[in-house]
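J.: Mind looking over this structure? Questions follow.
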Amino acid sequence: MLRINLKKYVYIVVALVLLLVLHYAKLLNPVESFLAKRLNPVFKIFYSLSSGLNRTYSDQTAKVDLAAKLKEAGVMINRLTAENVELKFLKEENLALRKQLNFLEKSGKRYLMANIISRGELEGEPADSRSVLIDKGLRDGLFAGLAVVSFVSSGETSQGVIIGKIVNVKDNLSEIYLVTNKNCKLAAAILGEEKTSGIAAGELGLTIKMEFIPQTENIKAGDLVATSGLEQNIPRGLVIGRVTKVIKENNEVWQSATIEPQIDLASLSVISILLP
């Protein structure tokens, strides 16, 4: 059995050597040419298939790479967008702080700055009440009745604007009733040739209504309304808003006025509390 296998291997080696000799002697050229012509279409088909497979693989790989790059770019865009929004908020807040500090320092008033941390009621007030919570309280020396202010710019000057009063105080938390809150009552005065006094309180959570104005007083739309100073811990001259409508009945002793706040209360984030 071993001899038969050995003979087989010898025959194969001899055949291979003979083919090599005949090839280099160019005696197999006619046969090789014939086979090349017959097998050339087959080789073309195999080459075309292999090229197609290679292109398909390359395209799929490129798509996977592109999808990964797009995903990575999307993550980066989201991160940069978030950072840009944060920077814009910080820029606006810093600008507001600088202007507010400038006004307060020029006015010579003692104050404490605080952040609005929530909009809502500390003690479960009705839904139509307008109030905010700040991050300062008893430990910071605050108590109910103090005036809360912001500012408005008019050209190169700034005006102090009262936005509400402190009503409830806890250790590190205080609740402020905004001027549009019906429970926030302020001693007010309409500025003109003769100062006209009355009581201002929030109306419908949107505007302010000033009442108990004598019928004899001549008031009109556009008049500026400010605190009168007749209320404890509320200094005079803090802007409340401007008159937009006058309600006057001939058979009534008093007339009233609708006042629009001078500042967008919904956009506030940092406020100042005036200290006595």
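J.: Considering only the range 177-276, give the strands (runs of 3 or more DSSP E) lying wholly within it that have at least 1 residues that are at negative phi and loosely packed, with under 15 Cβ neighbours inside 10 Å.
T.: Details: elements: 185-190, 196-203, 207-214, 224-227, 239-247, 254-261, 270-274.
Counting at least 1 such residues, we get 207-214, 239-247, 254-261.
J.: If you scan the range 245-262, which residues turn out to be under 32 Å from the mean Cα position of the chain (by Cα) and not charged (D, E, K, R)?
T.: Taking the range 245-262 as the starting set, the residues that turn out to be under 32 Å from the mean Cα position of the chain (by Cα) are 259-262.
259, 261, 262 - these are the residues of the range 245-262 that are under 32 Å from the mean Cα position of the chain (by Cα) and not charged (D, E, K, R).
J.: Could you figure out which of (1) touching a Gly at 6+ places or on another chain (Cβ under 9 Å); (2) farther than 25 Å from residue 150 by Cβ; (3) among the hydrophobic types (A, V, I, L, M, F, W, C) isn't true of residue 224?
T.: The one condition residue 224 does not meet is (2).
Bear in mind these aren't lab numbers, they're just calculated from the coordinates by the rules spelled out. Just so we're clear, the structure is a prediction, and the values are computed from it rather than from any experiment. Every residue, glycine among them, receives a Cβ derived from its backbone with ideal geometry; neighbour counts consider all protein chains shown.
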